[in-house]
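Asker: Please read through the structure below; I'll follow up with questions.
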Amino acid sequence: MTLQRQVTFWIIAFLVLILVLWLLSPILLPFIAGLVLAYFLDPVADALERLGLPRIAATAVILLLSILALVLIVLLIVPILGDQIVKFAGDLPSLMQSLLARFNDVAPQWMKDAIARSGTDIQASISDIAGRAAGWTATLLASIWSGGMALVNILSLMVVTPIVAFYLLADWDRLVAKVDSWLPRDHAEEIRAIFNDINEVMAGFIRGQGTVCLLLGLFYALAL
């Protein structure tokens, strides 16, 4: 195959891929999420295989533990987060009044005089802002709760994604081998090297970000 034919083939393949992604965009999210999840969990499955577990058993154990951890996190965080948002909306007027009192205590006299000369009623303005913010918060929570389509999308994501991830993770090595067989033999080594570099960079980035998030979370929980 000449260079011109190779370029033409890959351009057409790229355009077809873009068209397919555009046509299937409304239903792609659970499948992309499952693919990403399988990619991240494949090293764990390989480690369990080295310990003697069959691939299917390793995949089932990983996904069950992941689902249990996700459910536990949701059950722990969502009620607390909702309670905090409602409490914040209710306490916002008193918090704004406390902020105004603190401003009166620490603000320099020239600033108070300038505000007085401008005729601005800070207390009334702050009370109005607090009332509006509380109303906006309540409206936002109501719209989120009544968003039936958003709820359906979340449920579909939670149901379809684990199924997709299970099958992809169970057959991950065979899928990689199959894709590898499609590579042009003249450039196979270069393509493998590029993807290996991408994999190593992504793994390092994720490990670094995960470590930073863990350390910050521990610091906030212990110090604050």
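Asker: As a test question: what accessible area, to the nearest 10 Å², does Asp91 have when a 1.4 Å probe is rolled over all protein chains in place?
Answerer: Approximately 60 Å² of Asp91 is accessible to the 1.4 Å probe.
Asker: While we're on this one: To the nearest 10 square angstrom, how much accessible area does Asp42 have with a 1.4 angstrom probe?
Answerer: Approximately 20 Å² for this residue.
Asker: Using the Cα gyration tensor of the range 1-111, with a ≥ b ≥ c the square roots of its eigenvalues, what is the shape: rounded (a/c below 1.5), prolate (a/b larger than b/c) or oblate (neither)?
Answerer: Working: a/c = 3.44, a/b = 1.73, b/c = 1.99.
Because a/c hits 1.5 or more and a/b fails to exceed b/c, the range 1-111 counts as oblate.
Asker: Could you work out what % of the accessible surface of the range 1-77 is carbon and sulfur, using a 1.4 angstrom probe and leaving DNA, RNA and ligands out of the count?
Answerer: After summing per-atom areas, the C and S share lands at 84 percent.
Asker: Moving on to the next point. Assuming a ≥ b ≥ c are the square roots of the Cα gyration tensor eigenvalues, decide whether the range 1-62 counts as rounded (a/c under 1.5), prolate (otherwise, with a/b larger than b/c) or oblate. Walk me through the numbers before you get to the answer.
Answerer: On the way: a/c = 5.17, a/b = 1.90, b/c = 2.72.
In terms of gyration-tensor shape, oblate.
Asker: Can you give the accessible area of Lys87 in Å² (nearest 10), computed on protein heavy atoms with a 1.4 Å probe?
Answerer: 110
The values are calculated or read from the model by the stated rules, or taken from the named source; none is laboratory data. Only a predicted model underlies this, so the values are computations on that prediction, with no experimental measurement involved. Side chains included, ligands, DNA and RNA excluded: accessible areas come from the protein's heavy atoms. Shrake-Rupley method; radii C 1.70, N 1.55, O 1.52, S 1.80 Å.
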